Structure formats: C-alpha cells, structure tokens
Amino acid sequence: MANILIRPANKKDLDGILLLNLALFKKEFKEFDKTLNINWTYSRVGREYFSKRITGKDNFAAVATDDKKIIGYICGGLSYTPARIVKKAKLENIIVIEGFRNKKIGSRLAKEFFKWCQSKNIRNILVTTFAKNSAALNFYKNLGFKNLEVILEKKIRFD
C-alpha cells in the first residue's frame with residue numbers, strides 16, 4: 001500500500017465518488033434497508049447532490065487516494081434546523097473500500113471534516129447510521145459521537 005493522501009474533493013473526483021456511493025448504497029440496501037433507491041446515486045438528483053457537496057460554500061467533500069485511485073470519501077455540510085439555536089453540521093456519508101479499512105483512513109477523513117467544521121465555527125456535528133450497523137456505530141463512537149436522538153420506525157400492514 002502506497003502513501004494514502006487525504007485531500008479536498010474536486011470536480012474530477014465526481015465519478016470515483018459516485019462509484020463508491022453506489023457500493024455503499026448496495027451494501028446498505030442488502031444489509032439494512034430495502035427502501036434505499038439504488039438508482040439514486042447516478043440519477044440527476046444524486047449527481048447534483050455530490051456536485052454541490054464538492055463545490056458548494058456550505059458543503060464539504062474530501063477523498064482518500066492511493067496512487068491517485070479514490071479509495072474512500074466523506075461528505076457533509078451545514079445542517080439547517082430553524083428550531084435549533086446552535087449551528088450544526090451533518091456528516092452525511094463516508095466509505096472506505098474493502099482492503100483499506102481498519103487503517104485509520106476513515107478517521108483521517110473524519111478529522112478533515114471536523115477541521116472544516118471548526119473553520120465554520122460549528123461545534124455540533126450530527127451523523128446517522130442504521131441501528132444494526134455495529135461497525136459504523138463503533139466507528140462513530142470511537143470518533144467521539146454520542147447518542148443524541150433516537151429515530152423509531154414502524155411498518156404497518158394493509159390487509
């Protein structure tokens with residue numbers, strides 16, 4: 001494994017980020033949530049979402065590269081909640097490909113997001129993950145995240 005570089009994402013990284021996001025969606029669809037729209041990533045809306053994260057003022061995207069190949073990414077941005085008096089950011093998605101996990105790359109990506117938050121004077125960062133995703137829960141807890149809210153969902157049947 002060569003030197004892993006963490007850097008801000010740019011427009012040229014869009015295709016690599018989309019590829020990793022699709023892998024993330026497929027994994028989460030298979031393991032946690034059959035309601036995810038696998039086609040969203042490459043849809044017009046999905047492409048616009050990631051383009052905005054890469055270039056938008058109140059948005060953040062960074063990539064981890066190994067010999068110029070994208071092996072991970074993180075993105076997020078300001079989270080506007082009019083009912084709150086504190087400005088918050090949301091870490092919206094992060095993935096590191098198999099073979100590069102458990103090497104602190106995800107933590108390095110997260111630290112870049114935390115630095116961006118500090119530059120925006122944001123002290124509160126939100127993240128969500130699936131309750132059954134123990135690997136992600138442990139990752140976020142190791143970064144210092146704590147339970148703040150619990151979202152409950154109920155499926156109803158129409159007979």
Qualifying residue in the range 55-77 (condition: surrounded by fewer than 15 Cβ atoms within 10 Å (Cβ to Cβ), within 23 Å of Trp40 (Cα to Cα), of a type in the set (S, T, N, Q) and modelled with pLDDT of 90 or more): yes
Subset of the range 125-159 [within 24 Å of Tyr80 (Cα to Cα), under 16 Å from the mean Cα position of the chain (by Cα) and of a type in the set (S, T, N, Q)]: Thr128, Thr129
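Yes or no: the range 80-89 includes at least one residue that is touching a Gly at 6+ places or on another chain (Cβ under 9 Å) and surrounded by 15 or more Cβ atoms within 10 Å (Cβ to Cβ).
yes
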Leading residue by the ranking (nearest to Ala135 (Cα to Cα)) among those in the range 36-61 that are part of a helix (DSSP H, G or I) and hydrophobic (A, V, I, L, M, F, W, C): Ile38
Boolean, Thr81 is under 13 Å from Leu20 (Cβ atoms) and not in a helix (DSSP H, G or I): no
The range 24-41 - residue that is in contact (Cβ under 8 Å) with a residue 24 or more places away in the chain and surrounded by 14 or more Cβ atoms within 10 Å (Cβ to Cβ) and, of those, nearest to Glu153 (Cα to Cα): Phe32
Conditions (1) touching a Lys or Arg at 6+ places or on another chain (Cβ under 9 Å); (2) exposed (fewer than 13 other Cβ atoms within 10 Å of the Cβ); (3) assigned to a loop (DSSP other than H, G, I, E, B); (4) not aromatic (Phe, Trp, Tyr): number failed by Ile122: (2)
Matching option when the condition is in a helix (DSSP H, G or I) and acidic (Asp, Glu), among Asp15, Asp33: Asp15
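Against the condition assigned to a strand (DSSP E or B), of a type in the set (A, V, I, L, M) and touching a residue at least 12 places away in the same chain (Cβ under 8 Å), how does Ala64 come out, does it pass? Steps first, please.
Numbers: assigned to a strand (DSSP E or B): yes; of a type in the set (A, V, I, L, M): yes; touching a residue at least 12 places away in the same chain (Cβ under 8 Å): yes.
Here the answer is yes, as Ala64 does meet what is asked.
Among the residues of the range 67-78 satisfying the criterion of being assigned to a strand (DSSP E or B) and free of Cβ contacts under 8 Å to residues at least 60 places away in the same chain, which is nearest to the chain's Cα centre (by Cα)?
Of the range 67-78, the ones assigned to a strand (DSSP E or B) are 69-78.
So of that shortlist, the ones also free of Cβ contacts under 8 Å to residues at least 60 places away in the same chain come out as 69-70, 72, 74, 76-78.
Values: Lys69: 18, Ile70: 15, Gly72: 10, Ile74: 5, Gly76: 6, Gly77: 10, Leu78: 13 Å.
Across the range 67-78, the extreme among qualifying residues is Ile74.
Out of all the residues in the range 96-105, is one or more without any contact (Cβ under 8 Å) to a residue 60 or more places away in the chain, surrounded by 19 or more Cβ atoms within 10 Å (Cβ to Cβ) and within 17 Å of the chain's Cα centre (by Cα)? Don't jump to the end; show me each part of the working.
Just the residues of the range 96-105 that are without any contact (Cβ under 8 Å) to a residue 60 or more places away in the chain, to begin with: 96, 98-99, 101-102, 104.
Next, only the ones that are surrounded by 19 or more Cβ atoms within 10 Å (Cβ to Cβ) stay: 96.
If we keep only those that are within 17 Å of the chain's Cα centre (by Cα) too, we end up with 96.
Checked the range 96-105: at least one residue is without any contact (Cβ under 8 Å) to a residue 60 or more places away in the chain, surrounded by 19 or more Cβ atoms within 10 Å (Cβ to Cβ) and within 17 Å of the chain's Cα centre (by Cα).
Select from the range 125-152 the residues that are of a type in the set (S, T, N, Q), out of contact with any Ser or Thr (no Cβ under 8 Å at 6 or more places or on another chain) and either modelled with pLDDT under 90 or loosely packed, with under 15 Cβ neighbours inside 10 Å (or both) and list them in ascending order. Quick ask: steps written out before the conclusion?
Restricting attention to the range 125-152, the residues satisfying the condition of being of a type in the set (S, T, N, Q) are 128-129, 133-134, 138, 142, 147.
From what's left, out of contact with any Ser or Thr (no Cβ under 8 Å at 6 or more places or on another chain): 128-129, 133-134, 138, 147.
Of everything in the range 125-152, those that are of a type in the set (S, T, N, Q), out of contact with any Ser or Thr (no Cβ under 8 Å at 6 or more places or on another chain) and either modelled with pLDDT under 90 or loosely packed, with under 15 Cβ neighbours inside 10 Å (or both) turn out to be Thr128, Ser134, Asn138, Asn147.
The values are calculated or read from the model by the stated rules, or taken from the named source; none is laboratory data. What you are looking at is a predicted structure, and each value in this text was computed from that prediction instead of being measured. All Cβ positions, even for glycine, are placed from backbone atoms using ideal geometry, and neighbour counts span all protein chains on display.
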